[in-house]
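Student: Structure in C-alpha coordinates, see below.
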Amino acid sequence: MKEFPVLPKSEICEMPATTMRRLVAQRELSPVEIVEAVLRRADALQPHLNCFITLCHEQALQQAREAEQALMRGEASGLLHGLPFTVKDIVDTANVRTTYGSLLHRDHVPAKDAVAVARMRDAGAILIGKTTSSEFGAKCLTDAPLFGSTRNAWNASRTSGGSSGGAAASMAAGIAPLAIATDGGGSTRIPAACNGVVGLKQSLGVVPHSQVQDAFGNYTYVTPTTRNVADTALMLQAMTGAHGSDPWSLGVPAQRYFDDLQAGGDLCGKRILFCAAPAGRPIAADVASAFEAALATLQSMGAELVPMSGEGFDVEPVWRVINHTSWRGRFAPMAEAHGDRMSPSLLQQLALAEHVDGVAFQQAMFARTALFRDVQARLETHDFIFTPTLSRTALPIDQDLFGSIEIDGTAYAEVRANWFPWTMPFNLTGHPAISLPCGADRDGLPIGMQLVGRFREDAQLLQAAASLEAAHRPANPLPVLAF
(Lines give C-alpha, C1' and ligand atoms only; values in the text may rest on other atoms or scores of the structure.)
Protein backbone atom coordinates (compact mmCIF):
# COMPACT_ATOMS: atom_id res chain seq x y z
CA MET A 1 0.00 0.00 0.00
CA LYS A 2 1.37 3.41 -1.00
CA GLU A 3 2.63 5.53 1.89
CA PHE A 4 2.02 9.29 2.18
CA PRO A 5 5.13 11.51 1.98
CA VAL A 6 5.42 14.52 4.29
CA LEU A 7 5.54 17.90 2.52
CA PRO A 8 6.87 21.12 4.10
CA LYS A 9 4.05 22.69 6.11
CA SER A 10 4.10 26.02 4.27
CA GLU A 11 3.84 24.20 0.96
CA ILE A 12 0.77 22.32 2.16
CA CYS A 13 -0.92 25.41 3.58
CA GLU A 14 -0.44 27.58 0.51
CA MET A 15 -1.35 24.81 -1.93
CA PRO A 16 -4.45 25.37 -4.09
CA ALA A 17 -7.36 23.08 -3.32
CA THR A 18 -7.25 21.73 -6.86
CA THR A 19 -3.63 20.62 -6.41
CA MET A 20 -4.36 19.29 -2.94
CA ARG A 21 -7.27 17.28 -4.31
CA ARG A 22 -5.14 15.69 -7.01
CA LEU A 23 -2.34 14.76 -4.62
CA VAL A 24 -4.78 13.27 -2.13
CA ALA A 25 -6.41 11.17 -4.86
CA GLN A 26 -2.98 9.96 -5.96
CA ARG A 27 -2.08 9.12 -2.33
CA GLU A 28 0.83 11.53 -2.45
CA LEU A 29 -0.61 13.75 0.28
CA SER A 30 -2.41 12.61 3.42
CA PRO A 31 -5.63 14.24 4.68
CA VAL A 32 -4.17 13.92 8.18
CA GLU A 33 -1.03 15.82 7.20
CA ILE A 34 -3.17 18.51 5.55
CA VAL A 35 -5.45 19.02 8.54
CA GLU A 36 -2.55 18.97 10.99
CA ALA A 37 -0.74 21.59 8.91
CA VAL A 38 -3.65 23.99 8.55
CA LEU A 39 -4.63 23.69 12.23
CA ARG A 40 -1.04 24.32 13.27
CA ARG A 41 -1.00 27.42 11.07
CA ALA A 42 -4.38 28.55 12.41
CA ASP A 43 -3.16 28.23 15.99
CA ALA A 44 0.01 30.17 15.19
CA LEU A 45 -1.71 33.02 13.35
CA GLN A 46 -4.88 33.36 15.43
CA PRO A 47 -3.22 35.71 17.96
CA HIS A 48 -2.07 37.90 15.05
CA LEU A 49 -5.17 37.90 12.85
CA ASN A 50 -8.03 36.99 15.20
CA CYS A 51 -9.89 35.38 12.31
CA PHE A 52 -11.51 32.42 14.11
CA ILE A 53 -14.12 32.16 16.81
CA THR A 54 -13.96 28.35 17.03
CA LEU A 55 -11.37 25.80 15.87
CA CYS A 56 -12.40 22.15 15.56
CA HIS A 57 -9.17 20.35 16.43
CA GLU A 58 -10.49 17.01 17.62
CA GLN A 59 -13.37 16.68 15.18
CA ALA A 60 -11.27 17.71 12.18
CA LEU A 61 -8.41 15.36 12.99
CA GLN A 62 -10.79 12.46 13.54
CA GLN A 63 -12.49 13.13 10.20
CA ALA A 64 -9.07 13.41 8.54
CA ARG A 65 -8.11 9.98 9.88
CA GLU A 66 -11.37 8.55 8.59
CA ALA A 67 -10.80 10.20 5.21
CA GLU A 68 -7.32 8.72 4.99
CA GLN A 69 -8.58 5.24 5.89
CA ALA A 70 -11.33 5.47 3.27
CA LEU A 71 -8.74 6.51 0.71
CA MET A 72 -6.56 3.54 1.57
CA ARG A 73 -9.55 1.22 1.19
CA GLY A 74 -10.31 2.73 -2.22
CA GLU A 75 -13.63 4.14 -0.99
CA ALA A 76 -12.97 7.86 -1.45
CA SER A 77 -15.27 9.32 -4.08
CA GLY A 78 -16.25 12.82 -2.93
CA LEU A 79 -15.33 15.88 -4.97
CA LEU A 80 -13.53 17.41 -1.95
CA HIS A 81 -12.36 14.27 -0.16
CA GLY A 82 -10.00 15.14 2.68
CA LEU A 83 -9.83 18.88 1.91
CA PRO A 84 -10.12 21.35 4.81
CA PHE A 85 -12.63 24.21 4.79
CA THR A 86 -13.85 26.95 7.10
CA VAL A 87 -17.34 28.34 7.64
CA LYS A 88 -18.33 31.88 8.53
CA ASP A 89 -19.81 31.98 12.01
CA ILE A 90 -23.26 33.12 10.88
CA VAL A 91 -23.72 29.91 8.83
CA ASP A 92 -25.05 26.95 10.82
CA THR A 93 -22.82 23.94 11.48
CA ALA A 94 -24.24 20.87 13.21
CA ASN A 95 -22.68 20.20 16.63
CA VAL A 96 -20.19 23.04 16.18
CA ARG A 97 -20.66 26.33 18.03
CA THR A 98 -22.18 29.04 15.85
CA THR A 99 -22.41 32.42 17.57
CA TYR A 100 -23.50 34.77 14.75
CA GLY A 101 -20.83 37.05 16.18
CA SER A 102 -23.17 37.85 19.06
CA LEU A 103 -22.71 37.79 22.82
CA LEU A 104 -26.32 36.66 23.00
CA HIS A 105 -25.47 33.44 21.11
CA ARG A 106 -21.94 32.81 22.36
CA ASP A 107 -22.75 29.21 23.38
CA HIS A 108 -25.22 28.34 20.61
CA VAL A 109 -24.73 24.94 18.94
CA PRO A 110 -27.01 24.24 15.93
CA ALA A 111 -28.66 20.85 15.52
CA LYS A 112 -28.07 20.70 11.77
CA ASP A 113 -25.92 22.11 8.99
CA ALA A 114 -26.95 24.80 6.55
CA VAL A 115 -27.48 23.21 3.14
CA ALA A 116 -24.22 24.60 1.75
CA VAL A 117 -22.26 23.19 4.68
CA ALA A 118 -23.96 19.80 4.40
CA ARG A 119 -23.03 19.63 0.74
CA MET A 120 -19.39 20.43 1.45
CA ARG A 121 -19.32 17.65 4.03
CA ASP A 122 -21.10 15.25 1.65
CA ALA A 123 -18.36 15.99 -0.89
CA GLY A 124 -15.79 14.88 1.68
CA ALA A 125 -14.55 18.26 2.94
CA ILE A 126 -13.41 18.59 6.58
CA LEU A 127 -14.52 21.55 8.71
CA ILE A 128 -11.57 22.99 10.64
CA GLY A 129 -13.16 26.11 12.16
CA LYS A 130 -15.66 28.96 12.24
CA THR A 131 -14.42 32.33 10.99
CA THR A 132 -15.22 35.72 12.44
CA SER A 133 -18.03 37.97 11.27
CA SER A 134 -19.49 41.24 12.44
CA GLU A 135 -22.56 40.65 14.60
CA PHE A 136 -25.16 38.93 12.39
CA GLY A 137 -23.07 39.98 9.37
CA ALA A 138 -24.42 43.51 9.71
CA LYS A 139 -21.30 45.50 8.86
CA CYS A 140 -18.68 45.95 6.12
CA LEU A 141 -15.96 45.60 8.79
CA THR A 142 -15.24 42.56 10.97
CA ASP A 143 -15.48 43.40 14.63
CA ALA A 144 -17.96 42.55 17.37
CA PRO A 145 -18.23 42.74 21.16
CA LEU A 146 -17.83 38.95 21.30
CA PHE A 147 -14.31 38.72 19.84
CA GLY A 148 -12.90 42.17 19.02
CA SER A 149 -11.44 43.03 15.58
CA THR A 150 -10.11 40.80 12.81
CA ARG A 151 -6.96 42.18 11.21
CA ASN A 152 -5.96 42.36 7.57
CA ALA A 153 -3.58 39.60 6.49
CA TRP A 154 -1.32 42.15 4.75
CA ASN A 155 -1.25 44.89 7.39
CA ALA A 156 -2.44 44.51 10.98
CA SER A 157 -3.31 48.21 11.19
CA ARG A 158 -5.97 47.77 8.47
CA THR A 159 -9.38 46.13 8.54
CA SER A 160 -9.99 42.75 6.97
CA GLY A 161 -13.18 44.17 5.49
CA GLY A 162 -16.49 42.56 6.26
CA SER A 163 -18.61 41.02 7.13
CA SER A 164 -16.76 37.84 6.00
CA GLY A 165 -13.45 39.25 7.18
CA GLY A 166 -12.35 36.12 9.01
CA ALA A 167 -12.87 33.97 5.92
CA ALA A 168 -10.81 36.27 3.69
CA ALA A 169 -8.02 36.94 6.20
CA SER A 170 -7.58 33.24 6.93
CA MET A 171 -7.60 32.50 3.22
CA ALA A 172 -4.88 35.04 2.48
CA ALA A 173 -2.88 33.70 5.43
CA GLY A 174 -2.84 30.20 3.94
CA ILE A 175 -4.85 28.56 6.69
CA ALA A 176 -7.24 26.58 4.49
CA PRO A 177 -7.95 26.66 0.74
CA LEU A 178 -11.77 26.76 0.90
CA ALA A 179 -14.06 29.02 2.94
CA ILE A 180 -17.82 29.44 3.14
CA ALA A 181 -18.74 33.12 3.47
CA THR A 182 -21.92 35.16 2.95
CA ASP A 183 -22.74 38.28 0.94
CA GLY A 184 -25.68 40.60 1.57
CA GLY A 185 -24.26 43.82 0.14
CA GLY A 186 -20.66 42.92 -0.62
CA SER A 187 -19.71 40.88 2.46
CA THR A 188 -17.74 38.32 0.44
CA ARG A 189 -16.29 40.62 -2.22
CA ILE A 190 -15.25 43.47 0.13
CA PRO A 191 -12.95 41.36 2.34
CA ALA A 192 -11.73 39.41 -0.69
CA ALA A 193 -10.56 42.69 -2.22
CA CYS A 194 -9.05 43.86 1.08
CA ASN A 195 -7.05 40.64 1.51
CA GLY A 196 -6.12 39.86 -2.10
CA VAL A 197 -8.18 36.70 -2.57
CA VAL A 198 -11.08 35.62 -4.79
CA GLY A 199 -14.66 36.21 -3.65
CA LEU A 200 -17.70 35.14 -5.67
CA LYS A 201 -21.31 36.19 -5.18
CA GLN A 202 -23.03 33.70 -7.44
CA SER A 203 -26.40 34.18 -9.13
CA LEU A 204 -29.45 34.16 -6.91
CA GLY A 205 -30.51 30.55 -6.31
CA VAL A 206 -27.36 28.83 -7.57
CA VAL A 207 -26.44 27.91 -3.96
CA PRO A 208 -29.54 27.36 -1.80
CA HIS A 209 -29.81 29.65 1.21
CA SER A 210 -31.53 27.52 3.84
CA GLN A 211 -31.30 30.06 6.69
CA VAL A 212 -32.65 33.24 5.11
CA GLN A 213 -35.98 34.23 6.66
CA ASP A 214 -37.41 36.10 3.66
CA ALA A 215 -36.62 33.56 0.96
CA PHE A 216 -38.80 35.19 -1.69
CA GLY A 217 -37.36 38.70 -1.24
CA ASN A 218 -33.84 37.39 -0.71
CA TYR A 219 -30.75 39.43 -1.62
CA THR A 220 -28.21 37.52 0.52
CA TYR A 221 -26.00 34.64 -0.59
CA VAL A 222 -23.96 31.80 0.94
CA THR A 223 -20.74 31.99 -1.05
CA PRO A 224 -17.26 30.59 -1.72
CA THR A 225 -14.02 32.39 -0.87
CA THR A 226 -10.76 30.91 -2.19
CA ARG A 227 -7.31 31.93 -3.43
CA ASN A 228 -7.94 31.32 -7.15
CA VAL A 229 -10.80 30.94 -9.61
CA ALA A 230 -10.37 27.19 -10.14
CA ASP A 231 -10.79 26.58 -6.40
CA THR A 232 -13.91 28.78 -6.46
CA ALA A 233 -15.33 26.70 -9.31
CA LEU A 234 -14.51 23.50 -7.41
CA MET A 235 -16.27 24.74 -4.30
CA LEU A 236 -19.28 26.07 -6.20
CA GLN A 237 -19.71 22.71 -7.94
CA ALA A 238 -19.97 21.05 -4.52
CA MET A 239 -22.55 23.52 -3.16
CA THR A 240 -24.84 24.06 -6.14
CA GLY A 241 -28.20 22.49 -7.01
CA ALA A 242 -31.87 22.89 -6.11
CA HIS A 243 -33.16 22.49 -2.56
CA GLY A 244 -36.68 22.84 -1.18
CA SER A 245 -35.66 25.42 1.42
CA ASP A 246 -34.93 28.06 -1.24
CA PRO A 247 -37.55 28.87 -3.90
CA TRP A 248 -34.96 30.67 -6.04
CA SER A 249 -32.95 27.45 -6.31
CA LEU A 250 -35.81 25.34 -7.64
CA GLY A 251 -35.32 24.47 -11.30
CA VAL A 252 -31.65 25.50 -11.18
CA PRO A 253 -29.66 22.39 -12.12
CA ALA A 254 -26.33 21.50 -10.54
CA GLN A 255 -23.51 22.32 -12.95
CA ARG A 256 -19.96 21.11 -13.53
CA TYR A 257 -18.37 24.47 -12.79
CA PHE A 258 -14.94 23.00 -12.08
CA ASP A 259 -15.05 20.04 -14.44
CA ASP A 260 -15.88 22.29 -17.40
CA LEU A 261 -13.45 25.12 -16.53
CA GLN A 262 -10.73 25.58 -19.13
CA ALA A 263 -7.25 26.77 -18.23
CA GLY A 264 -6.14 30.05 -19.81
CA GLY A 265 -8.02 31.23 -22.87
CA ASP A 266 -8.76 34.63 -24.34
CA LEU A 267 -11.78 36.92 -24.44
CA CYS A 268 -12.09 37.34 -28.17
CA GLY A 269 -15.60 38.28 -29.15
CA LYS A 270 -16.60 39.29 -25.63
CA ARG A 271 -18.09 42.74 -25.13
CA ILE A 272 -17.36 44.22 -21.70
CA LEU A 273 -18.99 47.32 -20.25
CA PHE A 274 -16.75 49.20 -17.84
CA CYS A 275 -17.02 52.07 -15.38
CA ALA A 276 -14.62 53.21 -12.65
CA ALA A 277 -17.19 54.79 -10.32
CA PRO A 278 -20.89 55.61 -10.20
CA ALA A 279 -21.63 59.23 -10.99
CA GLY A 280 -20.38 61.53 -8.24
CA ARG A 281 -18.54 58.86 -6.27
CA PRO A 282 -14.77 58.99 -5.60
CA ILE A 283 -12.02 56.58 -6.54
CA ALA A 284 -8.44 56.49 -5.23
CA ALA A 285 -5.69 57.22 -7.74
CA ASP A 286 -4.02 53.85 -7.08
CA VAL A 287 -7.28 52.01 -7.70
CA ALA A 288 -7.96 54.02 -10.86
CA SER A 289 -4.47 53.17 -12.13
CA ALA A 290 -4.95 49.46 -11.38
CA PHE A 291 -8.32 49.62 -13.13
CA GLU A 292 -6.72 51.06 -16.27
CA ALA A 293 -4.04 48.36 -16.19
CA ALA A 294 -6.69 45.65 -15.91
CA LEU A 295 -8.63 47.18 -18.80
CA ALA A 296 -5.47 47.09 -20.90
CA THR A 297 -5.11 43.40 -20.12
CA LEU A 298 -8.74 42.73 -21.07
CA GLN A 299 -8.20 44.54 -24.36
CA SER A 300 -5.01 42.57 -25.02
CA MET A 301 -7.05 39.39 -24.54
CA GLY A 302 -9.33 40.38 -27.39
CA ALA A 303 -12.25 41.83 -25.45
CA GLU A 304 -14.19 44.76 -26.87
CA LEU A 305 -14.36 47.39 -24.14
CA VAL A 306 -17.39 49.68 -24.02
CA PRO A 307 -17.53 52.59 -21.55
CA MET A 308 -20.63 52.63 -19.35
CA SER A 309 -22.22 55.51 -17.51
CA GLY A 310 -22.48 54.98 -13.78
CA GLU A 311 -25.90 56.60 -13.72
CA GLY A 312 -28.47 54.51 -11.90
CA PHE A 313 -25.98 52.42 -9.93
CA ASP A 314 -25.75 54.62 -6.82
CA VAL A 315 -28.26 52.41 -5.01
CA GLU A 316 -27.18 52.53 -1.36
CA PRO A 317 -30.40 54.31 -0.27
CA VAL A 318 -32.52 51.58 -1.91
CA TRP A 319 -30.34 48.79 -0.49
CA ARG A 320 -30.51 50.44 2.95
CA VAL A 321 -34.32 50.48 3.03
CA ILE A 322 -34.57 46.82 2.03
CA ASN A 323 -31.69 45.65 4.19
CA HIS A 324 -32.35 47.63 7.35
CA THR A 325 -36.07 46.84 7.44
CA SER A 326 -35.13 43.16 7.19
CA TRP A 327 -32.75 43.58 10.11
CA ARG A 328 -35.33 45.54 12.06
CA GLY A 329 -37.83 42.74 11.56
CA ARG A 330 -35.29 40.23 12.84
CA PHE A 331 -33.47 42.11 15.58
CA ALA A 332 -35.66 44.95 16.93
CA PRO A 333 -37.18 42.81 19.72
CA MET A 334 -33.69 41.56 20.61
CA ALA A 335 -32.34 45.11 20.68
CA GLU A 336 -35.18 46.26 22.92
CA ALA A 337 -34.45 43.50 25.42
CA HIS A 338 -30.64 43.22 25.18
CA GLY A 339 -29.38 46.32 23.37
CA ASP A 340 -26.66 46.89 25.96
CA ARG A 341 -24.98 43.66 24.79
CA MET A 342 -25.23 44.30 21.03
CA SER A 343 -22.95 46.13 18.60
CA PRO A 344 -23.58 49.91 18.63
CA SER A 345 -23.31 49.98 14.82
CA LEU A 346 -26.07 47.37 14.51
CA LEU A 347 -28.31 49.37 16.82
CA GLN A 348 -27.66 52.50 14.74
CA GLN A 349 -28.62 50.66 11.56
CA LEU A 350 -31.83 49.40 13.14
CA ALA A 351 -32.65 52.99 14.10
CA LEU A 352 -32.28 54.09 10.46
CA ALA A 353 -35.27 51.90 9.54
CA GLU A 354 -37.46 52.90 12.48
CA HIS A 355 -39.66 55.23 10.44
CA VAL A 356 -39.62 53.40 7.09
CA ASP A 357 -43.26 52.62 6.30
CA GLY A 358 -44.75 50.01 4.00
CA VAL A 359 -45.03 52.45 1.11
CA ALA A 360 -41.33 53.36 1.28
CA PHE A 361 -40.39 49.70 1.45
CA GLN A 362 -42.54 48.84 -1.54
CA GLN A 363 -41.05 51.74 -3.51
CA ALA A 364 -37.60 50.34 -2.75
CA MET A 365 -38.73 46.98 -4.11
CA PHE A 366 -39.98 48.74 -7.25
CA ALA A 367 -36.52 50.32 -7.59
CA ARG A 368 -34.92 46.89 -7.17
CA THR A 369 -36.99 45.56 -10.05
CA ALA A 370 -36.09 48.56 -12.21
CA LEU A 371 -32.39 48.01 -11.45
CA PHE A 372 -32.65 44.34 -12.42
CA ARG A 373 -34.26 45.25 -15.72
CA ASP A 374 -31.60 47.88 -16.39
CA VAL A 375 -28.72 45.47 -15.77
CA GLN A 376 -30.49 42.73 -17.68
CA ALA A 377 -30.94 45.01 -20.69
CA ARG A 378 -27.26 46.02 -20.63
CA LEU A 379 -26.19 42.38 -20.56
CA GLU A 380 -28.42 41.42 -23.47
CA THR A 381 -25.98 43.19 -25.77
CA HIS A 382 -22.82 42.81 -23.68
CA ASP A 383 -21.25 39.80 -21.98
CA PHE A 384 -19.86 41.31 -18.77
CA ILE A 385 -19.60 44.45 -16.63
CA PHE A 386 -16.18 45.36 -15.18
CA THR A 387 -15.67 47.70 -12.21
CA PRO A 388 -13.35 48.14 -9.24
CA THR A 389 -14.57 46.15 -6.24
CA LEU A 390 -13.76 48.99 -3.83
CA SER A 391 -12.97 52.66 -4.31
CA ARG A 392 -9.84 52.35 -2.11
CA THR A 393 -7.88 49.64 -0.31
CA ALA A 394 -8.48 48.39 3.23
CA LEU A 395 -9.60 50.99 5.76
CA PRO A 396 -7.97 51.52 9.18
CA ILE A 397 -8.65 48.78 11.73
CA ASP A 398 -10.55 51.25 13.95
CA GLN A 399 -12.77 52.62 11.15
CA ASP A 400 -16.19 53.77 12.38
CA LEU A 401 -19.00 52.57 10.10
CA PHE A 402 -20.75 55.90 10.64
CA GLY A 403 -17.59 57.98 10.46
CA SER A 404 -16.03 59.57 7.39
CA ILE A 405 -13.94 57.65 4.89
CA GLU A 406 -10.67 59.12 3.61
CA ILE A 407 -9.73 58.69 -0.04
CA ASP A 408 -6.51 60.33 -1.23
CA GLY A 409 -6.60 62.86 1.59
CA THR A 410 -10.24 63.87 1.19
CA ALA A 411 -12.88 62.86 3.74
CA TYR A 412 -16.26 61.62 2.55
CA ALA A 413 -19.26 61.38 4.84
CA GLU A 414 -20.53 57.87 4.14
CA VAL A 415 -18.53 54.65 4.21
CA ARG A 416 -20.91 52.37 2.30
CA ALA A 417 -21.84 54.61 -0.60
CA ASN A 418 -18.27 55.79 -1.09
CA TRP A 419 -16.27 52.61 -0.41
CA PHE A 420 -18.25 49.83 -2.11
CA PRO A 421 -20.87 51.37 -4.39
CA TRP A 422 -20.36 48.62 -6.97
CA THR A 423 -21.12 45.58 -4.81
CA MET A 424 -24.64 46.39 -3.54
CA PRO A 425 -26.34 46.65 -6.97
CA PHE A 426 -25.72 43.01 -7.84
CA ASN A 427 -27.01 41.71 -4.52
CA LEU A 428 -30.29 43.36 -5.47
CA THR A 429 -30.34 42.18 -9.09
CA GLY A 430 -29.09 38.65 -8.47
CA HIS A 431 -26.45 38.71 -11.23
CA PRO A 432 -23.19 36.85 -10.48
CA ALA A 433 -20.19 39.00 -9.52
CA ILE A 434 -16.64 37.97 -8.67
CA SER A 435 -13.82 39.98 -7.08
CA LEU A 436 -10.30 39.20 -8.29
CA PRO A 437 -6.96 40.49 -6.96
CA CYS A 438 -5.59 42.97 -9.52
CA GLY A 439 -2.49 44.69 -8.18
CA ALA A 440 -1.64 46.71 -5.08
CA ASP A 441 -1.57 50.31 -3.89
CA ARG A 442 1.57 52.28 -2.94
CA ASP A 443 1.54 50.66 0.52
CA GLY A 444 1.42 47.14 -0.91
CA LEU A 445 -2.23 46.56 0.01
CA PRO A 446 -4.27 44.46 -2.43
CA ILE A 447 -6.65 46.00 -4.96
CA GLY A 448 -9.64 44.04 -6.22
CA MET A 449 -11.60 44.26 -9.46
CA GLN A 450 -15.14 43.00 -10.01
CA LEU A 451 -16.43 41.15 -13.06
CA VAL A 452 -20.21 40.76 -13.38
CA GLY A 453 -21.89 38.19 -15.61
CA ARG A 454 -25.30 37.40 -17.01
CA PHE A 455 -27.97 36.04 -14.70
CA ARG A 456 -27.44 32.32 -14.05
CA GLU A 457 -24.46 32.23 -16.44
CA ASP A 458 -22.05 31.63 -13.59
CA ALA A 459 -20.00 29.13 -15.58
CA GLN A 460 -19.28 31.73 -18.25
CA LEU A 461 -18.33 34.26 -15.59
CA LEU A 462 -15.93 31.81 -13.95
CA GLN A 463 -14.33 31.02 -17.30
CA ALA A 464 -13.77 34.70 -18.09
CA ALA A 465 -12.45 35.30 -14.56
CA ALA A 466 -10.03 32.38 -14.87
CA SER A 467 -8.76 33.75 -18.17
CA LEU A 468 -8.25 37.23 -16.69
CA GLU A 469 -6.58 35.73 -13.63
CA ALA A 470 -4.10 33.84 -15.80
CA ALA A 471 -3.23 36.98 -17.73
CA HIS A 472 -3.24 39.51 -14.90
CA ARG A 473 -2.44 37.72 -11.63
CA PRO A 474 -0.45 39.79 -9.10
CA ALA A 475 3.21 38.92 -8.72
CA ASN A 476 2.81 38.66 -4.92
CA PRO A 477 -0.48 36.79 -4.48
CA LEU A 478 -0.07 36.09 -0.75
CA PRO A 479 1.37 38.06 2.15
CA VAL A 480 4.56 36.88 3.86
CA LEU A 481 3.63 35.69 7.35
CA ALA A 482 6.27 34.17 9.61
CA PHE A 483 5.25 31.75 12.34
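The values are calculated or read from the model by the stated rules, or taken from the named source; none is laboratory data. All figures in this text were calculated on a predicted structure; none of them were measured in a lab. Virtual Cβ from ideal backbone geometry, glycine too; neighbours counted across all protein chains shown. Only protein heavy atoms, including side chains, enter the accessible area calculation; ligands, DNA and RNA are left aside. Shrake-Rupley method; radii C 1.70, N 1.55, O 1.52, S 1.80 Å.
Student: Check Leu61 against each of (1) open to solvent by 10 Å² or more (accessible area, probe 1.4 Å); (2) part of a loop (DSSP other than H, G, I, E, B) and name the one condition it does not meet.
Tutor: (2)
Student: Residue by residue through segment 298-334, note down the ones that are in a helix (DSSP H, G or I) and polar (S, T, N, Q).
Tutor: Here is the first cut: in segment 298-334, the ones in a helix (DSSP H, G or I) are 298-300, 316-334.
Selection gives Gln299, Ser300, Asn323, Thr325, Ser326.
Student: Counting just the residues of segment 45-58 that are in a helix (DSSP H, G or I) and not polar (S, T, N, Q), which one comes out most open to solvent (accessible area, probe 1.4 Å)? Show your work before the answer.
Tutor: Kept after step one, since they are in a helix (DSSP H, G or I), are these residues of segment 45-58: 45-49, 57-58.
Within this subset, residues satisfying the condition of being not polar (S, T, N, Q) are 45, 47-49, 57-58.
On the way: Leu45: 6, Pro47: 101, His48: 74, Leu49: 0, His57: 65, Glu58: 148 Å².
So, considering only residues that are in a helix (DSSP H, G or I) and not polar (S, T, N, Q), the one most open to solvent (accessible area, probe 1.4 Å) is Glu58.
Residue-by-condition table, conditions (1) in a loop (DSSP other than H, G, I, E, B); (2) crowded, with 24+ Cβ neighbours inside 10 Å; (3) under 12 Å from the mean Cα position of the chain (by Cα); (4) at pLDDT 95 or above:
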position: Arg121; (1), (2), (3), (4): no, no, no, yes
position: Gly129; (1), (2), (3), (4): no, yes, no, yes
position: Ile190; (1), (2), (3), (4): no, yes, yes, yes
position: Phe216; (1), (2), (3), (4): yes, no, no, yes
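Student: Enumerate the pairs (first residue in segment 60-73 and within 21 Å of Ala42 (Cα to Cα); second residue anywhere and of a type in the set (D, E, K, R)) with beta-carbon separation below 9 Å, excluding pairs fewer than 6 apart on the same chain, so at least 6 apart or on different chains.
Tutor: Every condition considered, the pairs that remain are Leu61/Glu36; Gln63/Arg121; Ala64/Glu33; Ala64/Glu36.
Student: Something else: I'd like to know if segment 96-104 contains one or more residues that are in contact (Cβ under 8 Å) with a residue 12 or more places away in the chain, in contact with a Cys (Cβ under 8 Å, 6 or more places away or on another chain) and either in a loop (DSSP other than H, G, I, E, B) or buried (at least 24 other Cβ atoms within 10 Å of the Cβ) (or both). Lay out the reasoning, then the answer.
Tutor: So the first thing to find is which residues in segment 96-104 are in contact (Cβ under 8 Å) with a residue 12 or more places away in the chain, and the list is 96-104.
Among the residues that remain, those that are also in contact with a Cys (Cβ under 8 Å, 6 or more places away or on another chain) are: 96.
From what is left, the residues that are either in a loop (DSSP other than H, G, I, E, B) or buried (at least 24 other Cβ atoms within 10 Å of the Cβ) (or both) are 96.
Looking for residues that are in contact (Cβ under 8 Å) with a residue 12 or more places away in the chain, in contact with a Cys (Cβ under 8 Å, 6 or more places away or on another chain) and either in a loop (DSSP other than H, G, I, E, B) or buried (at least 24 other Cβ atoms within 10 Å of the Cβ) (or both), one finds at least one in segment 96-104, hence yes.
Student: Is one or more of the residues making up segment 414-435 touching a Cys at 6+ places or on another chain (Cβ under 7 Å), in a loop (DSSP other than H, G, I, E, B) and among the aromatic types (Phe, Trp, Tyr)?
Tutor: yes
Student: Exactly one of (1) surrounded by 14 or more Cβ atoms within 10 Å (Cβ to Cβ); (2) small (Gly, Ala, Ser); (3) on the phi < 0 side of the Ramachandran plot is unmet by Ser300. Its number?
Tutor: Going through (1) surrounded by 14 or more Cβ atoms within 10 Å (Cβ to Cβ); (2) small (Gly, Ala, Ser); (3) on the phi < 0 side of the Ramachandran plot one by one, Ser300 breaks only (1).
Student: Same structure again: Pro31 fails exactly one of the following numbered conditions: (1) open to solvent by less than 20 Å² (accessible area, probe 1.4 Å); (2) under 26 Å from Thr188 (Cβ atoms); (3) out of contact with any Leu (no Cβ under 6 Å at 6 or more places or on another chain); (4) modelled with pLDDT of 95 or more. What is the number of that condition?
Tutor: (2)
Student: Any idea which residue in segment 355-410 is surrounded by the most Cβ atoms within 10 Å (Cβ to Cβ), counting only those that are in contact with a strand residue (DSSP E or B) (Cβ under 8 Å, 6 or more places away or on another chain), assigned to a helix (DSSP H, G or I) and of a type in the set (A, V, I, L, M)?
Tutor: Val375
Student: With respect to Ala238, determine if the residue is over 24 Å from Pro425 (Cα atoms), within 20 Å of the chain's Cα centre (by Cα), aliphatic (A, V, I, L, M) and buried (at least 21 other Cβ atoms within 10 Å of the Cβ).
Tutor: Values: over 24 Å from Pro425 (Cα atoms): yes; within 20 Å of the chain's Cα centre (by Cα): yes; aliphatic (A, V, I, L, M): yes; buried (at least 21 other Cβ atoms within 10 Å of the Cβ): yes.
Yes.
To keep it simple, each residue is scored yes or no on (1) open to solvent by 20 Å² or more (accessible area, probe 1.4 Å); (2) among the acidic types (Asp, Glu).
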{"residue": "Ala417", "(1), (2)": "no, no"}
{"residue": "Thr429", "(1), (2)": "no, no"}
{"residue": "Gly444", "(1), (2)": "yes, no"}
{"residue": "Gln450", "(1), (2)": "no, no"}
{"residue": "Asp458", "(1), (2)": "no, yes"}
{"residue": "Leu461", "(1), (2)": "no, no"}
{"residue": "Ala465", "(1), (2)": "no, no"}
{"residue": "His472", "(1), (2)": "yes, no"}
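Student: Also, I was wondering about something else. Need the failing condition index for Glu68 against (1) outside any loop (DSSP other than H, G, I, E, B); (2) of a type in the set (D, E, K, R); (3) within 16 Å of Cys56 (Cα to Cα), just the number.
Tutor: (3)
Student: I've got another one for you. What is the residue count in segment 274-294 for residues that are outside any loop (DSSP other than H, G, I, E, B) and open to solvent by 10 Å² or more (accessible area, probe 1.4 Å)? Please lay out each step first, then the result.
Tutor: Taking segment 274-294 as the starting set, the residues that turn out to be outside any loop (DSSP other than H, G, I, E, B) are 274, 285-294.
With open to solvent by 10 Å² or more (accessible area, probe 1.4 Å) added as a condition, the list becomes 274, 285-286, 288-290, 292-293.
So the count comes out to 8.
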